[in-house]
Each structure stands twice: as structure tokens, then as C-alpha cells.
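Before I ask anything, let me first share the structure, which is written out below as C-alpha cells.
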Amino acid sequence: MSEEFTIGSKVRVVALPSYIKTADPMPMLRPPDIIQVGEEGIVLDRRPGGYWGIRFAKGAFLLDSQYIESIDSNSQ
């Protein structure tokens, strides 16, 4: 059961996968410590395989919806 996110919405990392894919045209695997639990990013797009493209401070990465949660924009 995959959560849906709106393009341009803010999300927060709630868990880290064993590796992270970059959101480049030719994705590369990176160690999970390139981003941290609690880090916030902006949803760029939906990718095949259930991945979401998300822009973080250190770059754009692909994450499955189980690793992210939506941030309520009214709480800031």
C-alpha cells in the first residue's frame, strides 16, 4: 500500500534504505548516510518501480514511499 505525494510537496525521511539511488538519468547507488533520518526534501516526480524523486540539500535521490512521510505545510 503505497502513499501518494503531490509534486512539489515537502516530505521527511523516516527511515533509511540499505542504499540510495541518485535521481540522475543514469541512477547510481550511494551509501545511505548521504541523507539523514528527519531530513526534509521536495518531491520532484514519480518514477517507475514505486520510487519518488526527491530534492534534498545534497542532491536529488529516489526513495520508496515507505521511507518518507508528508509534512503538513500548515505546521510551519
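The values are calculated or read from the model by the stated rules, or taken from the named source; none is laboratory data. Because the structure is a prediction, the values reported are computed rather than measured. When we count neighbours, we look across all protein chains shown, and the Cβ atoms used for this are built from the backbone with ideal geometry, even at glycine. Areas reflect the complete protein model, heavy atoms only, side chains present, ligands, DNA and RNA absent. Shrake-Rupley method; radii C 1.70, N 1.55, O 1.52, S 1.80 Å.
Take the residues in segment 43-63 that are at positive phi and not in a strand (DSSP E or B), then tell me which one is nearest to the chain's Cα centre (by Cα).
50
Ok, one more. All but one of (1) open to solvent by 70 Å² or more (accessible area, probe 1.4 Å); (2) at pLDDT 95 or above; (3) among the hydroxyl-bearing types (Ser, Thr, Tyr) hold for residue 67; which doesn't?
(1)
Which one of 6, 22 is open to solvent by less than 40 Å² (accessible area, probe 1.4 Å) and more than 15 Å from residue 66 (Cβ to Cβ)? Walk me through how you get there before you give the answer.
Values: 6 fails: open to solvent by less than 40 Å² (accessible area, probe 1.4 Å).
Going through 6, 22 in turn, the sole match is 22.
Hey, does segment 3-11 have a residue that's in a loop (DSSP other than H, G, I, E, B), touching a residue at least 40 places away in the same chain (Cβ under 8 Å) and not charged (D, E, K, R)?
Yes: one or more hits.
Sticking with this structure for a sec: Scanning segment 30-63 for residues that are touching a Ser or Thr at 6+ places or on another chain (Cβ under 8 Å) and over 12 Å from residue 12 (Cα atoms), which turns out surrounded by the fewest Cβ atoms within 10 Å (Cβ to Cβ)? It would help to see each step written out before you state the result.
The initial filter retains those residues of segment 30-63 that are touching a Ser or Thr at 6+ places or on another chain (Cβ under 8 Å), namely 30, 32, 42-43, 50, 52, 59-62.
Next, only the ones that are over 12 Å from residue 12 (Cα atoms) stay: 30, 32, 50, 52, 59-62.
Working: 30: 15, 32: 16, 50: 12, 52: 24, 59: 15, 60: 15, 61: 24, 62: 20.
Here the answer is 50.
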